[in-house]
Amino acid sequence: IYVSGHPLYTKLKHDTLRFSFDNVLIICPSCEAERNQDRGNMVWFLYQLESVLKKMGAKHARFRPHPHEDPNWYLKFVNNDFFKIDARPISQALMDSTLVVGTISTVVLEALYYGVNYVLYDPLDDKGINIYGHKPVPPFDGTDPYLPIARTMDDLERLMREKIQVDKRLFDEYIKTPFDISFIKNMI
């Protein structure tokens, strides 16, 4: 991975990360047709999160399917009293959130930027394959000490109960200041 930074996100503005169950945002896994994924896995993911979040006292959660997906499809299969679609710009959704829970996504860095913790839930099957049909890669494979990852519902519940947070140093590993893509010249 080559780190160039990001032209919009330069350095963290927050000393602490929000972590409560008052206004939870869920970042859904993306169902990519080219991978022939079972869309049922996306609903299964939400069912698991609902179960654990309710144990933590959450009364509802907002969710964001990947932008290429129809969020209304999900509403046919999930608890509409618990789940609400959040189709606002990601920046607004993150600013309003007290916790973000989701799958592997660069949104983890955006959540840190907006001062909210991201609980990463990436369940694996008995062969070490995730919901996307792949083995996780860094930093989502558990090798980055700054990024706690829940692989099971028990892991997820423990991270939430103990309010284990992403270490903000993760942001500095992937967002370089100032934004600099000059290294590309050496690759050409």
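Points worth noting:
- Only helices (runs of 4 or more DSSP H) whose full extent lies in the range 132-188 are considered here, and the ones with at least 1 residues that are under 20 Å from Pro29 (Cβ atoms) and touching a helix residue (DSSP H, G or I) at 6+ places or on another chain (Cβ under 8 Å) are 153-161.
- Being surrounded by 19 or more Cβ atoms within 10 Å (Cβ to Cβ), out of contact with any Phe, Trp or Tyr (no Cβ under 9 Å at 6 or more places or on another chain) and touching a residue at least 24 places away in the same chain (Cβ under 8 Å) is a property that Pro138 lacks.
- Count - residues of the range 112-131 that are open to solvent by less than 50 Å² (accessible area, probe 1.4 Å), on the phi < 0 side of the Ramachandran plot and not in a strand (DSSP E or B): 9
The values are calculated or read from the model by the stated rules, or taken from the named source; none is laboratory data. Fair warning: this is a prediction, and the values are worked out from it, not measured in the lab. Here Cβ is always computed from backbone atoms with ideal geometry, including for glycine, and neighbour counts include all displayed protein chains. In case anyone asks, the SASA skips ligands and DNA or RNA and just uses the protein heavy atoms, side chains included. Shrake-Rupley method; radii C 1.70, N 1.55, O 1.52, S 1.80 Å.
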